[in-house]
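Take a look at the structure below.
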Amino acid sequence: MTKLLLVRAHPLTGDVSRSMKVTDAFIESYQKANPDHIIEDTNLYDMAVPEIDRNLLDAWTALGAGTPFDELSEVQQEKVTLFGNYTANFLAADKIVVANPLWNLNVPARLKAWIDTINVSGKTFKYNELGQPVGLATDKKALHIQASGGTYAGQDPASIYIKTIFNFIGVSDFHELFVEGMDYAPEDAPQIVADAVAKATALGKTF
C-alpha cells in the first residue's frame, strides 16, 4: 500500500502560517483522491529530532569499532535509536512532502536536523568503485512546499538545498510549490495565498 510521509517544519498551524495553509489544502485534496493511501502527517516541532552532536558522533565511532549497543551511554542509545527511526521511516515511504517557511534564506533548524537523518551512507546513498556517490532512494517521489516573503523562483539557498539533497539520494521525481511575495506585496498576499491553495489542491489530485 502506498505511504505518503508529510514533514511539516513550522511551529504554527495553517491558521497563521501560509506554508502550512497551502500544505493543508494539498493533503486534504490528496487524501480525497487517494483514500486507500497511508498518510503520516508529522510536524518536526512536535517531535524530538536528534542533531548530529558529540553524543551521536562518539556513539557511531564506538559502534563502528565493535562496541555493543547496550554499552553505549543512555543518551547515546536514545539518540542513535531516534536517528535510525527517522531514517527507517523515510525509507518506508513511497512519497514525501516537505513543507517549510523560508527563514533568513534558509530552512528551519529542525528541518536541517531531519534532512541529516535521510542523507545516510549505505541507506539512501552509497559510493561506487570510483568513490562517486550514487543515490539509493530512486523509487520515491517528493514535493517541496515553501513560503517566503520575497520572490525567489526556486533560486533561494533553502529550496536549492532541499532539491540538491533529494537529487543526491536518488529522488529524480521531484516537484516544487512556492508561495512567494507576500511581504513584498502585502496588498496582494490574500490572492497569492489563494492562488497557491488552488495549485496545491490541483496537485493533490495528481501527485
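The values are calculated or read from the model by the stated rules, or taken from the named source; none is laboratory data. What you are looking at is a predicted structure, and each value in this text was computed from that prediction instead of being measured. Virtual Cβ from ideal backbone geometry, glycine too; neighbours counted across all protein chains shown. The accessibility values were calculated without ligands, DNA or RNA, using every heavy atom of the protein model including side chains. Shrake-Rupley method; radii C 1.70, N 1.55, O 1.52, S 1.80 Å.
At-a-glance table
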{"quantity": "Members of the range 58-103 that are among the basic types (Lys, Arg) and not in a helix (DSSP H, G or I)", "calculated": "95"}
{"quantity": "Conditions (1) over 19 Å from residue 17 (Cβ atoms); (2) in contact with a Leu (Cβ under 6 Å, 6 or more places away or on another chain); number of the one not met by residue 115", "calculated": "(2)"}
{"quantity": "Hey, residue 97 open to solvent by 20 Å² or more (accessible area, probe 1.4 Å) and either at pLDDT below 95 or not small (Gly, Ala, Ser) (or both) or not", "calculated": "no"}
{"quantity": "Condition met for residue 53 (free of Cβ contacts under 8 Å to residues at least 60 places away in the same chain and closer than 27 Å to residue 176 by Cβ)", "calculated": "no"}
{"quantity": "Strands (runs of 3 or more DSSP E) fully within the range 133-207 counting 3 or more residues that are open to solvent by less than 20 Å² (accessible area, probe 1.4 Å)", "calculated": "141-148"}
{"quantity": "Hey, residue 82 surrounded by 18 or more Cβ atoms within 10 Å (Cβ to Cβ), touching a residue at least 24 places away in the same chain (Cβ under 8 Å) and within 14 Å of residue 113 (Cβ to Cβ) or not", "calculated": "no"}
{"quantity": "Count of residues meeting criterion [touching a residue at least 12 places away in the same chain (Cβ under 8 Å) and assigned to a loop (DSSP other than H, G, I, E, B)] in the range 104-132", "calculated": "7"}
{"quantity": "Residues of the range 1-44 satisfying the condition of being in contact with a helix residue (DSSP H, G or I) (Cβ under 6 Å, 6 or more places away or on another chain), assigned to a helix (DSSP H, G or I), under 21 Å from residue 162 (Cα atoms) and open to solvent by less than 70 Å² (accessible area, probe 1.4 Å)", "calculated": "22, 26, 44"}
{"quantity": "The range 72-88: number of residues that are under 21 Å from residue 6 (Cβ atoms), more than 12 Å from the chain's Cα centre (by Cα) and among the polar types (S, T, N, Q)", "calculated": "1"}
{"quantity": "Only one of 36, 58, 46, 41 that is free of Cβ contacts under 8 Å to residues at least 12 places away in the same chain and of a type in the set (D, E, K, R)", "calculated": "46"}
